[in-house]
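One structure is given below, encoded as structure tokens.
Please treat every number below as a calculation from the coordinates, not as lab data. Model, not experiment: these values are computed from the prediction. We place every Cβ from the backbone using ideal geometry, glycine too, and count neighbours over all the protein chains shown.
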Amino acid sequence: MSSLDFERRKRPGLQLDMTPLIDMVFLLLIFFVLSSQFVSHKGFPVKLPQAAHAVTQKEEKLTVGLRQNGKIFLNEKEVPFETLKEALAQTRAKSLTLHADQGVPLGTAVRVMDAAQEAKINGLVIATQVADDQKHR
């Protein structure tokens, strides 16, 4: 060996610190576990029996329109107020969308809402539109 032989410098090995990665994984795990608790599960799982003549039941979309002139429309068909409750009860709908003109008296709208409640329709949506000053934001 000659006197000019130098010892090679040892390069430090590249090591990744896994601690921040593990911390992030645990934080994400905690987030998903906690956020899954806020999801509401309606009902419980059941195994339904089979039937040879099964028919899929669709929930009807129910809309009631109120005009300023006092006319009431159930799914675009004019209905007198006296028969509205019976017409609502005959549907399979669980919710109702109320489309009322701006000038409809509040009392008329409340009477329609009461008729829906008596017909066992619990969900109520009142249709509105975005104000002109909010459209351009």
Quick check: residue separation of ARG8 and GLN37 times 0.36 nm, minus the Cα distance between them. What number comes out in nm?
4.6 nm
Length added when fully stretched, ASN69-SER95, from 0.36 nm per residue minus Cα-Cα
6.9 nm
Charge tally for neighbours of GLN117 with beta carbon under 12 Å away, counting Lys, Arg as +1 and Asp, Glu as -1, is +1
